[in-house]
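The values are calculated or read from the model by the stated rules, or taken from the named source; none is laboratory data. The structure displayed is predicted, hence computed values, not measured ones. For neighbour counting, all protein chains shown are included, and Cβ atoms are generated from backbone atoms with ideal geometry for every residue, glycine included.
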Amino acid sequence: MANVDRFRRDDDYSTAPVATGDLIERGDMVGLVSGAVKNAEDTATDVTLTVMQTAFVKTFAGVAMEDSQVGETAEILIKAKGVFEFACAAATFARGALVGPAKQTGDYLESQKVVAVATELLAIGRVAKTYAANTTTVLVQIFSTTAGYRANAEL
């Protein structure tokens, strides 16, 4: 038998086209809507954070690994699983705490900032280590709902 490297890509990666008119930056939390990705800011808008988080989490595909400028619709690489560092408001976190996208001052979600949430319906991941003192960045083990990953996944 020949010694052949058959590995082609990590299954935690996927690609999807970008929705027309959307700007995607590397590190954005993105949702899959009608077969195209949108960042959290463009995916769900409402007055209440809970309504927006719930809507976004249903579409959560992962974290964008490439940029896409406004008007570009080519496929970009998305990571559906892994540990990512996100910005957050100064807070403490226990390992395993649930987090979801934070809300901007307007009626939009943040695409690269998280906040503690109470239930899995609002969460895009779990905090990967304990932060006993206030921190403004947090390591998060994400779980893409569109890729079939679960909130109770082991850290």
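Pick out the one residue from M52, M29 that is modelled with pLDDT of 95 or more and either surrounded by 22 or more Cβ atoms within 10 Å (Cβ to Cβ) or of a type in the set (V, I, T) (or both).
Checking each option against the conditions leaves just M29.
For A89, indicate whether it is surrounded by fewer than 14 Cβ atoms within 10 Å (Cβ to Cβ) and more than 20 Å from E41 (Cβ to Cβ).
Spelling it out, it is not the case that A89 is surrounded by fewer than 14 Cβ atoms within 10 Å (Cβ to Cβ) and more than 20 Å from E41 (Cβ to Cβ).
Looking at D67, D46, which is the one that is modelled with pLDDT under 95, under 18 Å from V117 (Cα atoms) and among the acidic types (D, E)?
Among D67, D46, only D46 is modelled with pLDDT under 95, under 18 Å from V117 (Cα atoms) and among the acidic types (D, E).
Filter the stretch 1-26 for residues that are modelled with pLDDT of 65 or more, surrounded by 10 or more Cβ atoms within 10 Å (Cβ to Cβ) and not hydrophobic (A, V, I, L, M, F, W, C) and give the result.
Residues satisfying the conditions are D12, Y13, S14, T15, P17, T20, G21, D22, E25, R26.
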